[in-house]
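To start, the structure under review is shown below, and the notes come after it.
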2 protein chains.
Amino acid sequence: MTTATATDFAKRLDQTAEDTEALLAKLLSDTLLPDEIARPKRLMEAMRYSSLGGGKRLRPFLVVESSALFGVPREAALLAGAALECIHCYSLIHDDLPAMDNSDLRRGRPTLHKKTDDATAILAGDGLLTLAFDIITRDELHNDPTVRLLLTRALARASGIGGMVGGQMLDLAGEGRFGDREPVDVARLQQMKTGALLRYGCIAGAILGQSTPAQYQALDDYGRALGEAFQIADDLLDVEGDAAALGKQTGQDAALGKTTFVTQLGIDGAKQRVRDLLAKADSALSIFGAKGDVLRAAARFVADRKS
Amino acid sequence: MTTATATDFAKRLDQTAEDTEALLAKLLSDTLLPDEIARPKRLMEAMRYSSLGGGKRLRPFLVVESSALFGVPREAALLAGAALECIHCYSLIHDDLPAMDNSDLRRGRPTLHKKTDDATAILAGDGLLTLAFDIITRDELHNDPTVRLLLTRALARASGIGGMVGGQMLDLAGEGRFGDREPVDVARLQQMKTGALLRYGCIAGAILGQSTPAQYQALDDYGRALGEAFQIADDLLDVEGDAAALGKQTGQDAALGKTTFVTQLGIDGAKQRVRDLLAKADSALSIFGAKGDVLRAAARFVADRKS
């Protein structure tokens, strides 16, 4: 990647994070509810606490950049990205709960249930999950209702039991949370747990842009490679990363005795696998020529990130 | 209501409960996920435990009967009803959690978190909530995608922070769970907490049937009256009901010192309010003539139920 591209990538990532923050703030403002509805203020504050004020907004960025390949209006892509980010934020809230991963810190701040209480955190998660489906059906996304329906159903599939929720369950079972440790196929598990939402970010552009089947497949392949690279980087950071930069504890996987890409492949093997995945991501994007450079840079960013 | 109508009503209610049970069993079977997805078995069993084997299936019944007014195919109405029931079942799972209402029994059986554990219950709830949005977007519901989108968005609104989730939060705040007891407007709170989903069952038929605005308004008015009557009956059962018939403890509201329709109106006042609401429900249905009789009977059933 040339320096010019790297700078361009960083600028674009920052701009989308900024735009997503502003959009989420608007979506979660008090104007969300009509005046005749009694406002559950504590709930809305909790949803804002967990959705605003940070994060790289990688998932919305993938939606925006995959959409840009097809000239989809930026406003529409940002809206789809915001829906996806609501799903991501809800999953963090529920995963952090004492009954799940029992985490006290997230992005260097107290997790929502530490800041408030478990009931508020459960409901704020439910609220964000539901809000995502309110947002993803909106008229502003696309004038063809079939496109909005496809986007909606794909989001439900990526988030549900065959996607993120199912992956989280398999992960807990693999930790031995329900009796004996269940055997884990790390690649399949992570394809569900973290991969499905990242992949959704990539195919969302193809759906919004009414791509050809070949273009859809290219973004699907790219999204899968990026998702796996993301998770391997995560596993490597848990071993080699800096807790301060991460804003959370490292060494968690080892403490839990978890099967990860690193325990399966070793550190060097995991790093080699990341390089292979980057090559795969690059080649999947060849159908888009130079227009695919931002997404190429995104894959490198995901693989090399320090937090 | 004549005896003939009462029998007819009971038969129709039973038939829809049976059909809904069969449909949910199919929707939640192992064929739900394609073969290449790793199956989170514990999660799917948990979702089945909480969704199958009981309940009056009142919400699906409202969808089926409001749809019947417009000659909507029964299969389509049952599918929309199943999506709504998934939302209802998820809300019971999450509400029963120790962090929320801490209930051990539901329909005379251990609640899901007692049967399994809190993490499984949180994820099963998330899974059912997400599955509802998968179901409600399906092609079989209606050949016009705009209709499916309207149904989907209305479901998100009824379930979300301006509906069920928001109502649950206000209810907890009213119990003094987050410090001082917050003042409660029972009618508004319950319109959100329990009313929104019941009302959705009624307007779903109007949406699927592409009704006139006047017909939609009639079902909306009917649904609101039915929803309030349902909750007042619930509050009365907590005071006067039989725990064995209910399959759960009575006297819970008083133990929590909750503001309910009964504490606000007194027992006699609450019963009078139910009679007024039934009259309102009846009159809202006048636009449908004799075709509205089943829904009239449904309102009476809801108001008079003993469990």
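The values are calculated or read from the model by the stated rules, or taken from the named source; none is laboratory data. Computed from a predicted structure; not experimentally measured. Glycine also receives a Cβ, built like all others from the backbone with ideal geometry; neighbour counts cover every protein chain displayed. Calculation scope for accessible area: heavy atoms of the full protein, side chains included, ligands and nucleic acids excluded. Shrake-Rupley method; radii C 1.70, N 1.55, O 1.52, S 1.80 Å.
Brief remarks on what is shown
- Residue ID - nearest to residue A:78 (Cα to Cα), chosen from residues in region A:148-183 that are hydrophobic (A, V, I, L, M, F, W, C) and more than 9 Å from every other protein chain (Cβ to nearest Cβ): A:151
- So residue B:212, is it modelled with pLDDT under 95, of a type outside the set (A, V, I, L, M, F, W, C) and over 22 Å from the mean Cα position of the chain (by Cα): no
- Identification of helices (runs of 4 or more DSSP H) wholly contained in region B:189-262 with 1 or more residues that are open to solvent by 20 Å² or more (accessible area, probe 1.4 Å), farther than 23 Å from residue B:83 by Cβ and small (Gly, Ala, Ser) yields B:213-240, B:243-246, B:252-256.
- If you go through region A:134-145 and keep only what is over 20 Å from the mean Cα position of the chain (by Cα), facing chain B (nearest Cβ under 8 Å) and without any contact (Cβ under 8 Å) to a residue 24 or more places away in the chain, you end up with just A:145.
- Qualifying residues in region B:12-40 (those that are more than 16 Å from residue B:135 (Cβ to Cβ) and at pLDDT 95 or above) - the one surrounded by the fewest Cβ atoms within 10 Å (Cβ to Cβ): B:18
- Any pair with Cβ under 6 angstrom, 6 or more apart, that starts in region A:26-39 at a residue that is away from chain B (no Cβ under 11 Å) and ends at one that is open to solvent by 70 Å² or more (accessible area, probe 1.4 Å) and at pLDDT below 80: none
- Selection count, region B:134-152, where residues are assigned to a helix (DSSP H, G or I) and surrounded by fewer than 21 Cβ atoms within 10 Å (Cβ to Cβ): 6
- Among the residues of region A:263-287, just one is more than 25 Å from residue A:174 (Cα to Cα), surrounded by 17 or more Cβ atoms within 10 Å (Cβ to Cβ) and more than 23 Å from the chain's Cα centre (by Cα), namely A:287.
- The one condition in (1) more than 14 Å from chain A (Cβ to nearest Cβ); (2) in contact with a Ser or Thr (Cβ under 9 Å, 6 or more places away or on another chain); (3) under 22 Å from residue B:303 (Cβ atoms) that residue B:265 fails to fulfil: (2)
- A search for C-beta distances below 7 Å between a residue of region B:78-106 that is closer than 29 Å to residue B:141 by Cα and at pLDDT 95 or above and any residue that is open to solvent by 10 Å² or more (accessible area, probe 1.4 Å) and charged (D, E, K, R), counting only pairs 6+ apart in sequence or on different chains, returns B:78/B:19; B:79/B:138; B:79/B:140; B:81/B:59; B:84/B:59; B:85/B:59; B:88/B:59; B:92/B:106.
- For region A:46-65, the criterion of a residue being part of a helix (DSSP H, G or I), within 11 Å of chain B (Cβ to nearest Cβ) and in contact (Cβ under 8 Å) with a residue 24 or more places away in the chain is satisfied by at least one position.
- Considering (1) over 18 Å from the mean Cα position of the chain (by Cα); (2) within 14 Å of chain A (Cβ to nearest Cβ), the lone condition that residue B:105 does not fulfil carries the number (2).
- Restricted to region A:41-53, and to residues there that are under 20 Å from residue A:87 (Cα atoms) and of a type outside the set (Gly, Ala, Ser), the residue that is most open to solvent (accessible area, probe 1.4 Å) is A:45.
- Test for residue A:95: is it more than 7 Å from chain B (Cβ to nearest Cβ), in contact with an Asp or Glu (Cβ under 9 Å, 6 or more places away or on another chain), under 26 Å from residue B:166 (Cβ atoms) and open to solvent by 10 Å² or more (accessible area, probe 1.4 Å): yes
- The set of residues in region A:238-284 being among the polar types (S, T, N, Q) and at pLDDT below 85 consists of A:249, A:250, A:252.
- Scanning region A:86-112 for residues that are among the acidic types (Asp, Glu) and outside any loop (DSSP other than H, G, I, E, B) yields A:95, A:96.
- Filter result (at the interface with chain A (Cβ under 9 Å from one of its Cβ atoms) and either surrounded by fewer than 22 Cβ atoms within 10 Å (Cβ to Cβ) or without any contact (Cβ under 8 Å) to a residue 24 or more places away in the chain (or both)) within region B:108-133: B:113, B:116, B:117, B:118, B:119, B:130
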